[in-house]
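Asker: I am attaching a structure below and will ask some questions about it afterwards.
The values are calculated or read from the model by the stated rules, or taken from the named source; none is laboratory data. None of the values given here were measured: they were computed from a predicted structure. Cβ atoms come from the backbone with ideal geometry, glycine included; neighbour counts cover every protein chain shown. We work out accessible area using only protein heavy atoms, side chains counted, and drop any ligands, DNA or RNA first. Shrake-Rupley method; radii C 1.70, N 1.55, O 1.52, S 1.80 Å.
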Amino acid sequence: MIGNYVLNYLISQLKPDLYAELNVDEYYSPHNILIHNGIISFPQSTENKFYYHKTEEYDILFFLSDMQPSQNTMYKLSKDITEFASTLQAQHIITFAGMPTNIIHT
């Protein structure tokens, strides 16, 4: 959540241009369902967008997503975003994402 707050703040302040959108269907398995008037449906896909901002020193590409990838697809999503960034000749990638891991509390 903190990463989303940071990116939302940066996007609101820098006002970058929308660059691309990512269809997350292959990375995301809904954890809940919606029921409306007796009809069951999956939640709609949320924002999964790349934004581009140019400064005097850097070109910055932001990826903002409200979804949490499935555990079995999080590595694929990371790899696909990294490969996309490399086609744009990105020199650095900064992530605010976390990954669930086992923690031993001893």
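Asker: Divide by every residue of the chain the summed helix terms, -39500 (n - 2.57) for each DSSP H run of at least 4, and state the resulting mean residue ellipticity at 222 nm, rounded to the nearest 500 deg cm²/dmol.
Answerer: When only DSSP H runs of four or more count, the value is -8000 deg cm²/dmol.
Asker: Give me the percent of the accessible area of the chain that comes from carbon and sulfur atoms, probe 1.4 Å, all protein chains in place.
Answerer: 55
Asker: Does the chain come out rounded, prolate or oblate by the C-alpha gyration tensor, with a ≥ b ≥ c the root eigenvalues, rounded set by a/c under 1.5 and, if not, prolate when a/b is larger than b/c and oblate if not?
Answerer: prolate
Asker: Another question, if that's okay. If one takes the longest principal axis of the Cα atoms in the chain, at what angle in degrees, from 0 to 90 and to the nearest 10, does the Cα axis of helix 74-87 lie?
Answerer: With both axes taken from Cα atoms, the answer is about 30 degrees.
Asker: Sticking with this one: Run the numbers on the chain and let me know its relative contact order in percent, using alpha-carbon pairs under 8 Å that are six or more apart.
Answerer: 27
Asker: I would also like to ask the following. Once fully extended, how much extra length lies between Leu7 and Ile40, figured as 0.36 nm per residue of separation less the alpha-carbon to alpha-carbon distance?
Answerer: 8.6 nm
Asker: Okay, moving on. Rounded to the nearest 0.05, what FRET efficiency do Ala90 and Ser70 give with R0 = 30 Å and r taken as the Cβ-Cβ distance? Could you check?
Answerer: Here the calculated transfer efficiency is 0.75.
Asker: Express the accessible area of the chain per residue in Å², computed with a 1.4 Å probe while the remaining protein chains stay in the model.
Answerer: Ligands and nucleic acids excluded, the result is 82 Å² per residue.
Asker: Loop only per DSSP, at most 16 neighbouring Cβ atoms within 10 Å: give me the GluC sites (Glu not before Pro) in the chain, ordered by residue number.
Answerer: Answer by residue number: Glu26, Glu47, Glu56, Glu57.
Asker: Mind checking which aspartates and glutamates have their C-alpha under 14 Å from Lys79, skipping anything on the same chain fewer than 8 residues away?
Answerer: Glu26
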